[in-house]
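Encoded as structure tokens, the structure appears first; notes follow it.
The values are calculated or read from the model by the stated rules, or taken from the named source; none is laboratory data. Keep in mind that what you see is a predicted model, and the values were worked out from it rather than measured. As a convention, Cβ positions derive from the backbone with ideal geometry for all residues, glycine included, and neighbour counts pool all protein chains shown.
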């Protein structure tokens with residue numbers, strides 16, 4: 001690899017710590033995942049709307065809903081709470097859990113978030129936690145999602161393209 005230069009006008013600045021408060025967000029996705037220790041959860045990824053006058057536009061908020069260790073199942077209370085705030089159809093029957101998770105995608109909600117400190121295995125962590133889910137006050141969503149390409153966004157989210165000819169061995 002040769003013939004490249006650095007452009008300091010095109011850098012990743014990172015994100016600011018989101019302050020405690022109420023934000024209008026769009027649920028970008030809801031997907032199942034697991035911790036390194038094997039604890040299963042559903043991760044709700046939300047983005048702070050950029051079509052409204054509010055701070056931290058385009059930054060993401062994540063909320064995890066864990067399965068109960070004792071039963072290996074979800075307590076549907078959180079899914080009902082989020083579904084009600086997102087305006088999902090009450091009483092709707094879903095054939096699969098993925099079908100339910102897909103129904104959350106693109107829905108606007110209002111969340112109250114709070115920064116909290118927690119401790120686990122002797123380490124202290126700063127967490128932004130969703131404390132309340134409410135229906136949006138602005139249902140006409142005009143949010144523009146950032147385009148995902150190799151030249152924008154977080155460089156840690158995209159793998160570089162490496163050919164055998166790029167390797168020194």
Quiz item: Out of 144, 114, 161, 110, which single residue is at pLDDT 85 or above and more than 29 Å from residue 77 (Cβ to Cβ)?
Solution: 144
Self-check item: Members of region 67-97 that are surrounded by 15 or more Cβ atoms within 10 Å (Cβ to Cβ) and either at pLDDT below 95 or in contact with a helix residue (DSSP H, G or I) (Cβ under 9 Å, 6 or more places away or on another chain) (or both)
Solution: 74, 79, 82, 83, 86, 88
Quiz item: Just checking, how many residues over region 57-78 are at negative phi and out of contact with any strand residue (DSSP E or B) (no Cβ under 7 Å at 6 or more places or on another chain)?
Solution: 8
Quiz item: Restricting attention to region 101-133, which residues are touching a residue at least 12 places away in the same chain (Cβ under 8 Å) and more than 17 Å from the chain's Cα centre (by Cα)?
Solution: 116
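In region 84-97, which residues are in contact with a strand residue (DSSP E or B) (Cβ under 9 Å, 6 or more places away or on another chain) and free of Cβ contacts under 8 Å to residues at least 60 places away in the same chain?
Quick first cut of region 84-97, residues in contact with a strand residue (DSSP E or B) (Cβ under 9 Å, 6 or more places away or on another chain) only: 84-87, 97.
84, 85, 86, 87, listed by residue number.
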Self-check item: Hits in region 53-66 - residues which are touching a residue at least 40 places away in the same chain (Cβ under 8 Å), more than 13 Å from residue 130 (Cα to Cα) and either within 13 Å of the chain's Cα centre (by Cα) or outside any loop (DSSP other than H, G, I, E, B) (or both)
Solution: 58, 59
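Working only within region 35-52, note down all residues that are touching a strand residue (DSSP E or B) at 6+ places or on another chain (Cβ under 8 Å) and either modelled with pLDDT under 95 or part of a loop (DSSP other than H, G, I, E, B) (or both).
First pass over region 35-52, keeping only residues touching a strand residue (DSSP E or B) at 6+ places or on another chain (Cβ under 8 Å): 35, 39-49, 52.
Selection gives 35, 39, 49, 52.
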